[in-house]
Amino acid sequence: MRCWLKIEEMALEELMQRLNAVSQCADEIMHQDIIPLYAADIQDQLKKQFAYLSGGRGGDGCPVITFPDYPAFSEIPEKEFQNVLTYLTSIPSLRDAGIGFILVIDRRQDKWTSVKASILRIAASFPGNLQLVLVLRPTGFFHRALSDIAFRFNKDELKMKVPIIMLGSVSELQGYIDKTQLTEDLGGTLDYCHNRWLSRRTAIEGFAQKVKQTAQILQSFGTELAETELPNDVQSTSSLLATHTEKKDKMKEDIRVAVEQGDDILGSITKPVTENPDYKLNQDQLDNQTTVERLLAQLHETETAFDEFWMKHQQKLEQCLRLRNFEQNFREVKAALDIVSERLSAFTDVGNSRSHVEHILKDLANFKEKSDEIVTKAKMLASERDAFIQSNHYAVDSIIPKCSELHHLCDAFTTEIERRRKLLNKSLELHDLLEKSMKWCDEGIYLLASQPVDKCQSQDGAESALQEIEKFLDTGAGNKIKELNKIYEEYAHILNEDLKDHVQKVFQKQESMEEMFQKRQVSLKKLAAKQTRPVQPVAPRPEAFVKSPCTSPGLQRENVSNSESSALRRVNYRKAKSETTELHQSRGGSTMDDEENLAVLRQHVMNELIETERAYVEELLCVLEGYAAEMDNPLMAHLIPPELQNKKDILFGNMEEIYHFHNRIFLRELETYVEYPELVGRCFLDQMEDFQIYEKYCQNKPRSESLWRQFSDSVFFQECQRKLDHKLSLDSYLLKPVQRITKYQLLLKEMLKYSKNCEGAEDLQEALTSILGILKAVNDSMHQIAITGYDGNLNELGKLLMQGSFNVWTDHKKGHTKVKDLARFKPMQRHLFLHEKAVLFCKKREENGEGYEKAPSYSYKHSLNMAAVGITENVKGDAKKFEIWYNAREEVYIVQAPTPEVKATWVNEIRKVLTSQLQACREASQHRTLEQTQSLPLPLPASSCASPSRNHIRNTKKTEEKKADLTSLEGCGTPVAPKYPEKGKGWAKPSHSLDASEENDGWSSAEEALNSSDAEEEGAGGAGEIKLTPGKYTVVTDYDKGVSEEFTVKSGDLVQLIREGEDGLWFVKNLSSGREGWIPASNLLMLIGNSKSAQSLSSSESGTASSNLSTSSSCSDSCNVSSTSFSDIKG
């Protein structure tokens, strides 16, 4: 760089010297260094032509200056006279001017006095050397004679440095100066035009000035170029180069114009010779020609000097621009190399399965393919070093280290990526070995489970089974892990804690399987040696287990830490298992084989659950990384349609949330149950709340599918699919969450099928029920979001419990009679949505379209507040109909379900809602009564069978609240307090129906059964009799002291009241055991009363005695509390 600056300084100095020489030479040519006077400056004075330089020469080459006859000669200002003489004497060359000038003074038409004055003035003002003065005296006789006499007498006065010769005629003049050197007015033949001469002199002098100015401008421009600092970026350098080039081109254009100007002047001088070869130029013309030629030579010299300087300057700028491009490319390539190196450092995972390793290898290969472009670019950039050296670049000292750095980075990256590939190939080799071992173990376990127990009881069967086992064990030589330590040693550089733990588990599984084979061999050898007694065989063949293919691997193995609860479950399981081991050992071989087969089948289901879960997580990750993340990739932005941008959340919904739940939580928990598959139901129950995220995903699915259909042919999706090497398009993977949530219930059913007698069977059943509930909630929510026209917030109506389509008839007290009659015959198609606080009536509207767009919508019509709703379960003439009535049957809706089963489900669900509302009302009433009577004693004799008091009943209710789960009463009724019949009354024929829905037809959420004893106690001092109501009751406290020692009831049992006895005892039938006996009435709580004995509001249309409790107003009255009422949301 310093060398270049030195060279540039030398080039500038040389340019300045050459251009200064041109300026000086131009001045010398024009004699401006002596007399800086131009014709243009005194053009008006020269035009007067009182003196001129005709170009004529004397005998020895003296220039001739002619003073023609000029009447106003004496009036010429001295300054003008001096300027003209000075200018004329500066035109000839220094050599000619040094010889001296010949002055020709023409005064033939003048007077002697004027002649004298003219001679004296010229002699006094002439600035040059004089050789001879020739005066043409006046031609008049008088003035001629006078001039002769006066010249003689004034000779001394006119005496000059040169002789003055008085001539009387032109012929005498020609004796001194050749005729050819005299102009026509002096009798000569010299061609002279004063205006032409003046114009030519002006042009020549202007050209000389142009040459000088050009040299000066080029000097300034050269200094500017040399002093310009080089920019530090590509754009500024390129802009500077363009600016300087533009200025250079302008300079060149000015030089070209100046050369044309000089050529034109030279052409005008030589034109007469061109036109007439015999024409000879006079000396002045020859001098002009020489002057112009010399000026043109100086101009060419100027151009040459500038061109040489410019070439060096341009080379510097171009090298600077090349350097800046190199530096910019270096920064970009180095940053790209740093990024790919950082990404490569993320390839630390060695995989947790063969498919995972293959996926990582594939990712590594794709990564290498993408990185190759960057590496190639870096190598090409580094290879430019030689070109910089050969071009003798001024900054080669700074370029070489950068090129060496790029070579080093490329080599390091290539080496590291190759090392990673070898590690992954080694991991793939290990996983191949592990999968072979696991597959061999699974085949062995399947072989043990599939051997028929009945055939093994015979000697031949046992020997055949032994041969199968021995044959299978022979296949283990190339499949099983032989020495664990050698595995650790050979694969030490890839074994992390997870993989090492995986190897240990596989090896333990292999040892366990071999131990099972050894035990089976021992048993079979005994059977083969001695015939044992036959046993009843039960050997179900396990279903073939098909592993879910890992189509999109990408799951990262994470550390799994067992929680204390998981550890406690394992301890409990081991304890339970150890307790049953002795029992199993005491049973025959058939029972042991059955349990063994079921355990194998459970393990198969568990393996499928975990393997498919891993594959599912891998597929989610693949979609998120291969599609969702690419939508934010700037390199892919040009492929995304503008309408699709910023719509990632619509297309993918909350898939990322689902992925994190399964990857971080659920999969880890599942893996902790791999050895205890029958307990996996607890895992589902622990995470059941998190499964609610699927509801959000499914609700967004219609929007996602609609968006996909619009842009499914987009190049962006095709490119992503190509990179992932997926055979299926994105929409197939967007459906995975919906498919997965439905898959769990199938797997749980299979697990429950093989775990009926295991410890975790109840958890499995509860988990299955919960998963089915989630599926139902998801399905219901899909319908709920399709409701249109509802002004309020659906979330304020509480949880959506049921939804379905029905035929609906209306029968209102208010309204026109014809409308009521018409409503009986013409049903309306309505889709009902049952919420906790309201039931909505909507009209279903089918939509046109494809996929989710074809899903129906529901137009909101009206709704009923559940606080004022009642139901009549049976309608005469149709087992599929039931009534929903509102505000004490002010509005009645006869609802016809598609099937009796659907009707029963809806009636039970509505009953649960009404029961929960009634229970809330009752609890408020009990709480208030308790506050009023908490100071009173609460007697409850242990052995007494007397009629229970109100406090006893209240305590019974509190006991019921503590011990009995209202929702566990099979959804069959409202747990109201028992109503006792009047004294001495009973039933002639008790009901033995077990269907609660048939026994109690009428239900209302605003209804509470009043304990009649409360009113009687108030009127008779608390000594009244308890009234009895026929029907079914639930036992609230255990009782085992009946008349019959065998009759016992427990809390929660259902009993049917048969008759009333004395001392508060009722004779009941236990519906669970079928036994009958006596029990205190205080131990019972009314579940279902006889519809014919209860207060009711009958429906005239139904024709049945449907029992209904009091209206909503009676609820608040009987409860003695102000129950919170919902606003009437009736549409």
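The values are calculated or read from the model by the stated rules, or taken from the named source; none is laboratory data. Every value quoted in this text rests on a predicted model; they were computed, and no experiment measured them. Virtual Cβ from ideal backbone geometry, glycine too; neighbours counted across all protein chains shown. The area values use the complete protein model at the heavy-atom level, side chains included, leaving out ligands, DNA and RNA. Shrake-Rupley method; radii C 1.70, N 1.55, O 1.52, S 1.80 Å.
Taking into account only those residues within region 411-439 that are among the hydroxyl-bearing types (Ser, Thr, Tyr) and in contact (Cβ under 8 Å) with a residue 12 or more places away in the chain, which is most open to solvent (accessible area, probe 1.4 Å)?
Here the answer is Thr414.
Hey, Thr189 hits all of (1) of a type outside the set (D, E, K, R); (2) out of contact with any Ser or Thr (no Cβ under 9 Å at 6 or more places or on another chain); (3) open to solvent by 40 Å² or more (accessible area, probe 1.4 Å) but one; which does it fall short on?
(2)
Suppose we filter region 307-319 for residues that are crowded, with 18+ Cβ neighbours inside 10 Å and under 15 Å from Glu384 (Cβ atoms); how many remain?
Final tally of qualifying residues: 1.
Quick one: count up the residues across region 292-306 that are at pLDDT 85 or above and open to solvent by 20 Å² or more (accessible area, probe 1.4 Å).
Result for region 292-306: 4.
Taking Leu685, is it over 29 Å from Ile360 (Cα atoms), surrounded by fewer than 19 Cβ atoms within 10 Å (Cβ to Cβ) and of a type in the set (A, V, I, L, M, F, W, C)?
Here the answer is yes, as Leu685 does meet what is asked.
Every residue in region 346-363 that is among the small types (Gly, Ala, Ser) and open to solvent by less than 70 Å² (accessible area, probe 1.4 Å), please.
Once the filter is applied, which keeps residues that are among the small types (Gly, Ala, Ser) and open to solvent by less than 70 Å² (accessible area, probe 1.4 Å), region 346-363 yields Gly351, Ser353, Ser355.
Sort out which residues of region 327-372 are in contact with a Cys (Cβ under 9 Å, 6 or more places away or on another chain) and either without any contact (Cβ under 8 Å) to a residue 24 or more places away in the chain or over 21 Å from Thr414 (Cβ atoms) (or both), and write them in order of number.
Ser353, Arg354, Ser355, His356, Glu358, His359
Can you pull out the residues in region 620-672 that are over 29 Å from Leu609 (Cα atoms) and among the small types (Gly, Ala, Ser)?
Correct list: Ala637 only.
May I ask you to list the residues in region 388-408 that are assigned to a helix (DSSP H, G or I) and open to solvent by 40 Å² or more (accessible area, probe 1.4 Å)?
If the condition is that a residue be assigned to a helix (DSSP H, G or I) and open to solvent by 40 Å² or more (accessible area, probe 1.4 Å), then Ile389, Gln390, Asp397, Ser398, Ile400, Pro401, Lys402, Ser404, Glu405, His407, His408 are the ones that fit.
For region 688-722, name all the residues that are open to solvent by less than 50 Å² (accessible area, probe 1.4 Å), among the aliphatic types (A, V, I, L, M) and out of contact with any Ser or Thr (no Cβ under 6 Å at 6 or more places or on another chain).
Ile693, Leu707
Quick check on my filter: what residues within region 748-803 are outside any helix (DSSP H, G or I), free of Cβ contacts under 8 Å to residues at least 40 places away in the same chain and open to solvent by 40 Å² or more (accessible area, probe 1.4 Å)?
Lys756, Asn757, Asp791, Asn793, Lys799
Only residues that are open to solvent by 60 Å² or more (accessible area, probe 1.4 Å) and part of a helix (DSSP H, G or I): list them for region 211-241, please.
Result: Gln213, Gln216, Ile217, Ser220, Glu224, Glu227, Gln235, Ser239.
Among the numbered criteria (1) open to solvent by 70 Å² or more (accessible area, probe 1.4 Å); (2) free of Cβ contacts under 8 Å to residues at least 40 places away in the same chain, which one does Val375 miss?
Only one criterion is unmet by Val375, namely (1).
Among the residues in region 664-685, are any within 26 Å of the chain's Cα centre (by Cα) and not hydroxyl-bearing (Ser, Thr, Tyr)?
Yes, region 664-685 has at least one match.
Search region 320-329 for residues being crowded, with 19+ Cβ neighbours inside 10 Å and under 34 Å from the mean Cα position of the chain (by Cα), and hand back the single one that is nearest to Lys377 (Cα to Cα).
That would be Phe326.
In region 1029-1064, which residue that is surrounded by fewer than 17 Cβ atoms within 10 Å (Cβ to Cβ) and under 11 Å from Ala1081 (Cβ atoms) is modelled with the highest pLDDT?
Here the answer is Gly1061.
Kindly establish whether Ser437 is more than 19 Å from Ala336 (Cα to Cα), in contact with a helix residue (DSSP H, G or I) (Cβ under 7 Å, 6 or more places away or on another chain) and among the small types (Gly, Ala, Ser).
yes
For region 614-624, indicate whether the set of residues that are within 12 Å of the chain's Cα centre (by Cα), modelled with pLDDT of 90 or more and not in a loop (DSSP other than H, G, I, E, B) is non-empty.
yes
Quick check on my filter: what residues within region 122-138 are open to solvent by 10 Å² or more (accessible area, probe 1.4 Å) and part of a strand (DSSP E or B)?
Within region 122-138, Leu130, Gln131, Leu132 meet the criteria.
Pairs under 7 Å by beta carbon, first residue touching a residue at least 24 places away in the same chain (Cβ under 8 Å) and open to solvent by 60 Å² or more (accessible area, probe 1.4 Å) in region 254-275, partner assigned to a helix (DSSP H, G or I) and hydrophobic (A, V, I, L, M, F, W, C), six or more apart or different chains?
Gln261/Phe207
May I ask you to list the residues in region 673-682 that are open to solvent by 10 Å² or more (accessible area, probe 1.4 Å), among the β-branched types (Val, Ile, Thr) and outside any loop (DSSP other than H, G, I, E, B)?
none
Could you run through region 277-291 and say how many residues are open to solvent by less than 60 Å² (accessible area, probe 1.4 Å), in a helix (DSSP H, G or I) and in contact with a Ser or Thr (Cβ under 9 Å, 6 or more places away or on another chain)?
4
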